[in-house]
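These notes are about the structure you will find just below.
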Amino acid sequence: MAATAKKFGRVPAAVARLATSPELLNGFLKLNAIFESATLPALDREVLVMTVAARNGCHLCVAMHTASLQGLSAAPELVAALRAQSSLPSPRLEALRRFVLTVMDTTGDVPPSELAAFTGAGYTAQNALEVVLGIGTYTLSTFANRLTAAPLDEAFADHAWHTPRDRR
C-alpha cells in the first residue's frame, strides 16, 4: 500500500476496498509491481492500462490513470483519445492499443498478422507477453473496482469519466 500511496499521494478508496480481501490486494500489488518493472516504457504501460480500464468500464481506473498520464506529460490529444476509446495520434501507441484490444477480444489467440503489426511498430515478442501481464493485472483491478462499487476519490474528480452506456 505504501507504493500506491507514493504514486498517488494517498491510498485511494478503491485500494482500501480491495483490502477487504488481503489476498486480492496483495496479488494486485505484486502483479502491479512486476508490470511496472516491464520493458514497456511508462507511457506505453499507461496506454495499456487506460485501454483495459476504458474497455472494462472502470470509471475509477480511467480517472486515476488520466492523472498518471498527465504526470507523465502525455499529450492532451493522447489522453482524450484514450478516454474516448478512439484511435491514438501516435501510430506506435495506436498499434499498442489495437494489440491490447485484439489480445482481449481473442483471449490471446492473436492472428499472426496482428502480432506482426504489433512487432512492426517497434515492439518485441517480450513486449507482447508484457501486454498479457498488463491485461491480467488491470482486469483484476477493474473487475474488483466494479464489484465493490469503488467510489471516485475527490482527488480524481477533475478526471471523472463515464462509460458510453452511462452517457445515454
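Loop-located trypsin sites (Lys or Arg not before Pro) in the stretch 10-53 (DSSP state not H, G, I, E or B) with no more than 13 neighbouring Cβ atoms inside 10 Å: 10.
Accessible area per residue for the chain is 50 Å², calculated with a 1.4 Å probe on protein heavy atoms, without ligands, DNA or RNA. When the accessible area of the stretch 9-80 is computed with all protein chains present and a 1.4 Å probe, what percentage of it is carbon and sulfur? C and S atoms contribute 60 percent here.
D by Stokes-Einstein for the stretch 70-168, Kirkwood Rh over Cα pairs, 4 °C, 1.567 mPa s: 84 µm²/s. With a cut-off of 15 Å between beta carbons, the residues surrounding residue 44 carry a summed charge of 0, where Lys and Arg count +1 and Asp and Glu -1.
Per residue, the convex hull spanned by the Cα atoms of the chain measures out at 115 cubic angstrom. Of the solvent-accessible surface of the stretch 108-154, computed with a 1.4 Å probe over protein heavy atoms with every protein chain present, carbon and sulfur atoms account for 66 percent.
The values are calculated or read from the model by the stated rules, or taken from the named source; none is laboratory data. Remember, predicted model here, so these are calculated numbers, not experimental data. Heads up, the Cβs are rebuilt from the backbone with ideal geometry, glycines too, and the neighbour counts pull from every protein chain shown. Side chains included, ligands, DNA and RNA excluded: accessible areas come from the protein's heavy atoms. Shrake-Rupley method; radii C 1.70, N 1.55, O 1.52, S 1.80 Å.
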